[in-house]
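S.K.: Below are the structure tokens for one structure; questions will follow.
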Amino acid sequence: MGSDIGVPVPGQAVSGEAALGRSVAGEAVPVATPSGPMTAWRSAMRQALEFAAQAPAWGDVPIGAVLLAPDGSVLSQAANEREATGDPTAHAEILAIRRGAQRLQEDTAEGGRSVDGGVAGGWRLERCTLVVTLEPCTMCAGAIVAARIGRVVFGAFDPKAGAVASLWDVVRDPRLNHRVEVVSGVLAEESTALLREFFADRRRSE
Ligand code: ZN
């Protein structure tokens, strides 16, 4: 925990992994770059994928999330725990957000580590980045907006339930007063492979 993976300062231009151009808001699609912020996103995504890969052990779909502080250190990480806990809201994103905010709260209460960039306690995660292996659903997109998260980096698109690009674009809806930067398609193949393997195994055992 606490590894600095060199996340760039928010506001700096961020590139998309691929020319996906599926924003409902019709925003310009960034062009992929070989280095820069994408290196940091990939590194965090690898961590999220590693966490996701553990979820089948407790019967859950392999989806993982990592919440990064403004300085790039890891605040929290989680994988789906819906089956493990019987909690329908236990998606990786929700758990990472909850644990990350809790950690900031504890750090502030102890008067210890102050997270670079003015994120100190409370529930606002304004300059934080949520890295998740699959495009968030409507519930998670809503939680991302509620937590005021500054940026979402996701792996595979979810054409059946995605709510930050595919079916809806909740986090960049101009009617909301908080808008989130979205970087899509980071290590998407790895995420898809993990999910495919999980569902194939499950079919085999049925
Ligand atoms: Zn979700």
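S.K.: Looking at residue 61, is it β-branched (Val, Ile, Thr), in contact with a Leu (Cβ under 9 Å, 6 or more places away or on another chain) and away from the ligand (no atom under 15 Å from the Cβ)?
M.R.: No; evaluated as a whole, the condition is false for this residue.
So that you can scan it fast, the table gives a plain yes or no per residue for (1) at pLDDT 95 or above; (2) more than 28 Å from residue 57 (Cβ to Cβ); (3) among the aliphatic types (A, V, I, L, M); (4) buried (at least 17 other Cβ atoms within 10 Å of the Cβ):
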site: 154; (1), (2), (3), (4): yes, no, no, yes
site: 163; (1), (2), (3), (4): yes, no, yes, yes
site: 169; (1), (2), (3), (4): yes, yes, no, yes
site: 174; (1), (2), (3), (4): no, yes, no, no
site: 196; (1), (2), (3), (4): yes, no, no, no
site: 205; (1), (2), (3), (4): no, no, no, no
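S.K.: With respect to residue 182, determine if the residue is in contact (Cβ under 8 Å) with a residue 24 or more places away in the chain and touching a helix residue (DSSP H, G or I) at 6+ places or on another chain (Cβ under 6 Å).
M.R.: Spelling it out, it is not the case that residue 182 is in contact (Cβ under 8 Å) with a residue 24 or more places away in the chain and touching a helix residue (DSSP H, G or I) at 6+ places or on another chain (Cβ under 6 Å).
S.K.: Report yes if residue 175 is out of contact with any Lys or Arg (no Cβ under 7 Å at 6 or more places or on another chain) and without any contact (Cβ under 8 Å) to a residue 12 or more places away in the chain, otherwise no.
M.R.: Yes, satisfied.
S.K.: Quick check: is even one residue across the stretch 126-141 within 14 Å of the ligand (Cβ to nearest atom), modelled with pLDDT of 95 or more and small (Gly, Ala, Ser)?
M.R.: Yes, the conditions are met somewhere in the stretch 126-141.
S.K.: Give the residue, chosen from 98, 46, 22, that is within 16 Å of the ligand (Cβ to nearest atom) and either modelled with pLDDT of 85 or more or farther than 20 Å from residue 122 by Cβ (or both).
M.R.: Unique residue meeting the criteria: 98.
S.K.: Give the stretch 127-146 a look and list any residue that's crowded, with 24+ Cβ neighbours inside 10 Å and of a type in the set (A, V, I, L, M), or say none.
M.R.: Once the filter is applied, which keeps residues that are crowded, with 24+ Cβ neighbours inside 10 Å and of a type in the set (A, V, I, L, M), the stretch 127-146 yields 130, 131, 132, 134, 141, 144.
S.K.: I'm checking my understanding of the structure. Among residues of the stretch 142-159 that are of a type outside the set (Val, Ile, Thr) and within 12 Å of the ligand (Cβ to nearest atom), which one is nearest to residue 94 (Cα to Cα)?
M.R.: 143
S.K.: Right, next: Give the number of residues within the stretch 120-150 that are without any contact (Cβ under 8 Å) to a residue 40 or more places away in the chain and either among the polar types (S, T, N, Q) or within 19 Å of residue 45 (Cβ to Cβ) (or both).
M.R.: 2
S.K.: While we're on this one: Go through the stretch 56-84 and count every residue that is closer than 26 Å to residue 201 by Cβ and in contact (Cβ under 8 Å) with a residue 60 or more places away in the chain.
M.R.: Total satisfying the criteria: 7.
The values are calculated or read from the model by the stated rules, or taken from the named source; none is laboratory data. Note that this is a predicted model, so its numbers are computed, not measured. Note that we place each Cβ from the backbone using ideal geometry, even for glycine, and neighbour counts take in every protein chain shown.
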